1. Looking only at the stretch B:88-125, count how many residues are farther than 26 Å from B:Asn60 by Cβ, in contact with a Lys or Arg (Cβ under 7 Å, 6 or more places away or on another chain) and not in a loop (DSSP other than H, G, I, E, B).
2. Is the stretch B:137-154 home to any residue that is in a strand (DSSP E or B), away from chain A (no Cβ under 14 Å) and of a type in the set (Asp, Glu)?
3. Would you be able to say whether some residue in the stretch B:88-107 is in contact with a helix residue (DSSP H, G or I) (Cβ under 8 Å, 6 or more places away or on another chain), within 14 Å of chain A (Cβ to nearest Cβ), open to solvent by 10 Å² or more (accessible area, probe 1.4 Å) and of a type in the set (S, T, N, Q)?
4. Does any residue in the stretch A:57-76 that is away from chain B (no Cβ under 14 Å) and farther than 13 Å from A:Leu91 by Cβ come within less than 9 Å, Cβ to Cβ, of a residue that is of a type outside the set (Asp, Glu) and open to solvent by less than 10 Å² (accessible area, probe 1.4 Å) six or more places away or on a different chain, and which pairs are these?
5. Any idea which residue in the stretch B:58-69 is nearest to the other protein chains (Cβ to nearest Cβ), counting only those that are touching a residue at least 24 places away in the same chain (Cβ under 8 Å) and part of a helix (DSSP H, G or I)?
6. Looking at the stretch B:149-162, which of its residues are surrounded by fewer than 20 Cβ atoms within 10 Å (Cβ to Cβ) and not basic (Lys, Arg)?
7. So for the stretch B:126-136 (the condition being surrounded by 18 or more Cβ atoms within 10 Å (Cβ to Cβ), touching a helix residue (DSSP H, G or I) at 6+ places or on another chain (Cβ under 7 Å), at the interface with chain A (Cβ under 10 Å from one of its Cβ atoms) and in a loop (DSSP other than H, G, I, E, B)), does at least one residue qualify?
8. Hey, any hits in the stretch A:104-112 for a residue that's within 14 Å of chain B (Cβ to nearest Cβ), touching a residue at least 40 places away in the same chain (Cβ under 8 Å) and not charged (D, E, K, R)?
Amino acid sequence: MKLSEIVDALDATLLTGEDKLDKIITRCGASDLMSDVLAAVSEDCILLTGLTTVQVIRTAMVAGVGAVVIVRKKKPPQEVIDMAKDQGIPLISSPYSMFVSCGRLHACNLIGLDGRR
Amino acid sequence: MRAILLGLTEDADLPLVKVRLARLTAQSGNFKPMPQLKKSFHIKGRDFIRAGEASINVQNLLKSMDFDPRLIRRVAICGYESEMNVVMHGGDGTLSIEVDNDKLILEITDDGPGIEDIELAMQAGYSTANDDHREMGFGAGMGLPNMKKNSDQIQVESPPNDGTVVRMIFFIPDKGKSD
């Protein structure tokens, strides 16, 4: 599904990445452990996390993650938003919990990083 | 000195033989070796804001040299995990990348306290990290296992109170270079 549809499904706020709203995302991972993201096949996936540190963006850069969703309506520090913008990684803030955010995207037919539903 | 060499199988040894053959051929004048290069980047201990910059620099360098994206990703993941280990546990350190004929060599050294039990540290889930590390999403005991998984060879040396050296080798796929 398109990134714009993910933003709609989550009633989310796009913090940066307006130019990537047509990007197609098929896989989704949710973790606060960056090593789990680095260990999985996470290229072009969407990553849901409760963390708001610069390490989330660096992990996304290293692993090739397509977009990052911060859950629980958290707003990351400005330097994190700036880094995501500089690196061309869309950053989205979801008002829902990790569980509800995942459930909404699962209902939209996104699959997990291992390809399972 | 405690040292451990992992991931070496008979098959994994074959490319090493190829390297030696390539060098012999080079000496005889019939072989044009790939340009060799070595670059090093500083890692500042306990600087969690800048942690990862050295690995991103290596990633950008390899991208500019047009290596296979999957190979770059593996190198970047290993560099990043290793860099986080240095920042969390090791004090100051250096991350270096070397392009050598048919392989990339990633070496991370630090002047920290060393790893007490390397074999234990290689086990998934074993961690000596604290809550601060975990709040950043690291310290789950997956660093060294992730590095082993993503490299073709890994060697860890950690003599007591004399820092740690992690050396990883990645063989360049035949079509890894587009020139």
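The values are calculated or read from the model by the stated rules, or taken from the named source; none is laboratory data. Nothing here was measured: the structure is a model prediction, and the numbers come from that model. Cβ coordinates were reconstructed from backbone atoms using ideal geometry, including for glycine residues, and neighbour counts include every protein chain displayed. Just so you know, the surface numbers come from the protein's heavy atoms only, side chains and all, with ligands and any DNA or RNA stripped out. Shrake-Rupley method; radii C 1.70, N 1.55, O 1.52, S 1.80 Å.
1. Of the residues in that region, 1 qualify.
2. Narrowing the stretch B:137-154 to residues in a strand (DSSP E or B): B:153-154.
Checking the rest, the ones that are also away from chain A (no Cβ under 14 Å) come to B:153-154.
Right, trim to of a type in the set (Asp, Glu) and you get none.
Checked the stretch B:137-154: no residue is in a strand (DSSP E or B), away from chain A (no Cβ under 14 Å) and of a type in the set (Asp, Glu).
3. no
4. From residues that are away from chain B (no Cβ under 14 Å) and farther than 13 Å from A:Leu91 by Cβ, the pairs are A:Arg72/A:Gly50; A:Arg72/A:Ser94; A:Arg72/A:Ser101; A:Lys73/A:Ser94.
5. Filtering the stretch B:58-69 down to residues touching a residue at least 24 places away in the same chain (Cβ under 8 Å) leaves B:58, B:61-62, B:65-68.
Those left that are additionally part of a helix (DSSP H, G or I): B:58, B:61-62.
Numbers: B:Val58: 10, B:Leu61: 14, B:Leu62: 12 Å.
In this case the residue turns out to be B:Val58.
6. First pass over the stretch B:149-162, keeping only residues surrounded by fewer than 20 Cβ atoms within 10 Å (Cβ to Cβ): B:149, B:152, B:155, B:157, B:159-162.
Across the stretch B:149-162, the qualifying residues are B:Asp152, B:Gln155, B:Glu157, B:Pro159, B:Pro160, B:Asn161, B:Asp162.
7. yes
8. In the first step, residues of the stretch A:104-112 are kept if they are within 14 Å of chain B (Cβ to nearest Cβ); the result is none.
There is no residue in the stretch A:104-112 that is within 14 Å of chain B (Cβ to nearest Cβ), touching a residue at least 40 places away in the same chain (Cβ under 8 Å) and not charged (D, E, K, R).
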